[in-house]
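Chemist: Before we start, here is the structure in question, set down as structure tokens.
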Amino acid sequence: MKLFRKKFTFFPVMLMIAALVLPSVTAMAADSSYKFSAIDLKLNVPEELICFTQTTTGNNAYLKDIGADDANEVQNAMRASNIYLEAFSKDLSYEIAVVGIKAGSSLSNLDELSQDELSGMFLNYIDSENSKQEDSLTETMTGKAIDTINDRPYFRTEVTSVSDEKQTIYTRKYYTVTRGYIYMYSLQSKDNEITEDMVNDILHIINSAQYTSVKKSIFENGVFTETLSSILTVAIPIAILVAIYLLITKVGKKGRSKLSSEEAELRARYKEQHNKK
């Protein structure tokens, strides 16, 4: 039993390190999962995309890459635009935004409409989108359709925008209404036309979407996640150092004990041989 006690003395420290480090490893090995209780939404994002949410912390290594001074700037901008998730390609050539808004009482869920009602609402939606012209942009709708994804209708639009500075932005947007919320998934690419790989990424997210009640989590609180992130930044290196210290200490004790045992054995043999003489 003593042997097992020696082994398990170090085990809790390793468990603590694993609990702190493994979640990040898991996120790297598979899709990243997100839950948003404010809009009853769960979804997955391809692992190769860089993600920001309304609780993004200052430890996010990509903040400077997107031109943000700090996490608060990202959080405030996302809240102001009702963006709950923003995902970028690693070369920042395109981005995907997930927007959620409480629908008005007069707006029906798309999956509850008849085909005629759905078609009529689609035409109204297209008229509304065409009326959203910005002064600094020349926008042209190049595509529109009603797509069915996982038995749910989405209004799809494709728009090409050219700014006064001659920068071209290509946008593909999916819009649906369900459970009393408006959901919009927007894909944007600057200067480069939208490719099949980009479309696959946004469809991957939409296909994973679950419109269901989500229990509010403390991790949706920006202050809490920022504080926790700061604590973990300090705690992980300390935990690793403690683990290394304990390992060295135990190996050292074991080594000293082994040397003492060998020394005692040599002395005993020497005395035994000396007595024989």
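The values are calculated or read from the model by the stated rules, or taken from the named source; none is laboratory data. What you see is a predicted model, and the numbers here were worked out from it, not measured in a lab. Using ideal geometry, Cβ is built from the backbone for each residue, glycine included, and neighbour counts are taken over all protein chains shown. These area figures cover heavy atoms from the full protein model, side chains too; ligands, DNA and RNA do not enter into them. Shrake-Rupley method; radii C 1.70, N 1.55, O 1.52, S 1.80 Å.
Chemist: Could you tell me the relative contact order of the range 23-181? Use alpha-carbon pairs under 8 Å, at least six residues apart, and round to a whole percent.
Modeler: Details: 211 pairs, mean separation 25.1, N = 159.
Over the range 23-181, the number comes to 16 percent.
Chemist: Could you give me the ³J(HN,Hα) list for the range 106-120, computed from phi with Karplus coefficients 6.51, -1.76, 1.60 and θ = phi - 60°, whole Hz, x at Gly and Pro?
Modeler: 7, 9, 7, 5, 4, 6, 9, 8, 6, 4, 5, 5, 5, 5, x
Chemist: Still on this structure, please answer the following. If I model a spin label as a point 7 Å beyond the Cα along the Cα-Cβ vector, how far apart are those points for D91 and D164 in nm?
Modeler: According to this spin-label approximation, the distance is 3.1 nm.
Chemist: Quick check: with the 1.4 Å probe, what order do D191, D147, D69 take by accessible area, largest first?
Modeler: Values: D191 90, D147 35, D69 140 Å².
Ranking D191, D147, D69 by accessible area, largest first, yields D69, D191, D147.
Chemist: Can I ask one more? Can you tell me how much longer the chain between D70 and T148 gets when fully stretched, taken as 0.36 nm per residue apart minus their C-alpha distance, in nm with one decimal?
Modeler: On the way: separation 78, 0.36 × 78 = 28.08 nm, distance 3.88 nm.
In short, 24.2 nm is gained.
Chemist: Hey, if we sort I66, I96 by accessible area with the 1.4 Å probe, largest down, what's the order?
Modeler: Correct descending sequence by accessible area is I66, I96.
Chemist: Same structure again: So which chymotrypsin sites (Phe, Trp or Tyr not before Pro) in the range 110-165 are both in a DSSP loop and have at most 11 other Cβ atoms within 10 Å of their Cβ? Present the calculation step by step, with values, prior to reporting the outcome.
Modeler: Working: sites: F122, Y125, Y154, F155; in loops: none.
Passing both the DSSP loop test and the Cβ count: no residue.
Chemist: What aspartates and glutamates does K64 reach when the alpha-carbon gap must be under 14 Å and sequence neighbours fewer than 8 apart in one chain are set aside?
Modeler: E73, D91
Chemist: Report the chymotrypsin sites (Phe, Trp or Tyr not before Pro) located in the range 26-108 that are in a DSSP loop and have at most 16 other Cβ atoms inside 10 Å of their Cβ, or state none.
Modeler: Values: sites: Y34, F36, F52, Y62, Y84, F88, Y94; in loops: Y62.
For chymotrypsin sites (Phe, Trp or Tyr not before Pro) across the range 26-108 that sit outside H, G, I, E and B with at most 16 neighbouring Cβ atoms in 10 Å, the list reads Y62.
Chemist: Still on this structure, I have one more. Please work out how much length the chain gains when fully extended from N200 to S213, using 0.36 nm per residue of separation minus the C-alpha to C-alpha distance, in nm with one decimal. Don't jump to the answer; show the numbers that get you there.
Modeler: Values: separation 13, 0.36 × 13 = 4.68 nm, distance 2.65 nm.
That pair, N200 and S213, stretches by 2.0 nm at full extension.
Chemist: Under 19 Å from a point placed 7 Å out from the Cα of N44 along the Cα-to-Cβ direction: which residues of the range 188-213 have their backbone N that close?
Modeler: Inside the label zone: 197-213.
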